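Student: So that we are looking at the same thing, I have put the structure below in structure tokens.
The values are calculated or read from the model by the stated rules, or taken from the named source; none is laboratory data. Only a predicted model underlies this, so the values are computations on that prediction, with no experimental measurement involved. Cβ coordinates were reconstructed from backbone atoms using ideal geometry, including for glycine residues, and neighbour counts include every protein chain displayed.
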């Protein structure tokens, strides 16, 4: 059996998903491909990563998380979540390879989880609904990879649709697709080729800071279970009683939720100038309020946002490296890439990697 699981971009809405907010991702053509079949041993499994040139064998009855950053955890976690649901998985062999750039903010981890879950669901005829596979993949990352991620990445990989963005309400899990029509513009990712070790640990810290804000707000206001339920007026009333950094984190999330809805409206109205301005404001907020950028990303975003062919640019992903997302005039990509690369080389003595993205369907079976 062959399975394809795509990576994703996120047009707007970073770190809002674990705060029950809104996000606007889309699945992309970059993907991980899986070959999966039943093994001859009902209890023994074999995993092969062609990209890592690595193999891992394990028994279904004796699974434990491996050290942090082990690629195996994303697969083991999915198997564990399926078992927790009361469904039975027997021995299997899985080989995978893909072209989702690791560390780019395009969520190769979610693609690995969702592709594994969909493949096992089909192989063993488990009958798991798509939304439940999304939730299992998210919990695999929590319990085995150790990252308390929101649900956006897995949802986009599983539920994406060709040429369409996915507006997701992370509280109700209601979603809708609508066409991405950029007219004379296109989406260009520029990979900084930088991945700072802070990414995973600081991601969890940001989540804890948001939870601290919610705890403080609950002392004054009823009906608050997450930052999704908080208005800026309520937050400002509590500003003096919150730690300053917690206030800034909460302010970012509340305003980022608003940016998602404003950006969606701008796209619907084909107001790309407005969409570009929202990207610029999101970049500034990620730098100053949520503090998840890094010097390389700030340099790239500032360069893009001062360039005549760019309507707006921002960092994409969890932070501390990865890519910038650029809304660029069609036909000007090569000239911009050359100019940015030259400036980036002068500043940091390394190159960027441009990634032209095409919006694709979510997880699919290629061959049964």
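Student: Please enumerate the residues belonging to the stretch 80-100 that are crowded, with 16+ Cβ neighbours inside 10 Å and under 21 Å from the mean Cα position of the chain (by Cα).
Tutor: 81, 96, 98, 100
Student: Residues that are without any contact (Cβ under 8 Å) to a residue 40 or more places away in the chain and out of contact with any helix residue (DSSP H, G or I) (no Cβ under 8 Å at 6 or more places or on another chain): does the stretch 19-32 have at least one?
Tutor: For the stretch 19-32, residues without any contact (Cβ under 8 Å) to a residue 40 or more places away in the chain and out of contact with any helix residue (DSSP H, G or I) (no Cβ under 8 Å at 6 or more places or on another chain): absent.
Student: So which strands (runs of 3 or more DSSP E) stay within the stretch 3-117 end to end and still have 1 or more residues that are at pLDDT 95 or above and within 19 Å of residue 158 (Cβ to Cβ)?
Tutor: Strands (runs of 3 or more DSSP E) meeting the threshold: 22-38, 92-98.
Student: What are the pairs with Cβ atoms under 6 angstrom where one residue, in the stretch 210-238, is touching a residue at least 60 places away in the same chain (Cβ under 8 Å) and the other, located anywhere, is in a loop (DSSP other than H, G, I, E, B)? Sequence gap at least six, or different chains.
Tutor: Here the result reads 226/20; 228/20; 228/21; 228/171, each pair linking the stretch 210-238 to a residue that is in a loop (DSSP other than H, G, I, E, B).
Student: Give just the number: which of (1) at pLDDT 95 or above; (2) surrounded by fewer than 18 Cβ atoms within 10 Å (Cβ to Cβ); (3) not in a helix (DSSP H, G or I) does residue 339 not satisfy?
Tutor: (3)
Student: A further question on this structure: All but one of (1) part of a loop (DSSP other than H, G, I, E, B); (2) surrounded by fewer than 23 Cβ atoms within 10 Å (Cβ to Cβ) hold for residue 132; state the number of the condition that does not hold.
Tutor: Unmet condition: (1).
Results for (1) in the same structural domain as residue 20 (by TED's automatic domain parsing); (2) more than 19 Å from the chain's Cα centre (by Cα); (3) surrounded by 18 or more Cβ atoms within 10 Å (Cβ to Cβ), shown as yes or no for each residue.
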position	(1), (2), (3)
213	no, yes, yes
218	no, yes, no
221	no, yes, no
231	no, yes, no
236	no, yes, no
240	no, yes, no
246	no, yes, yes
257	no, no, yes
264	no, no, yes
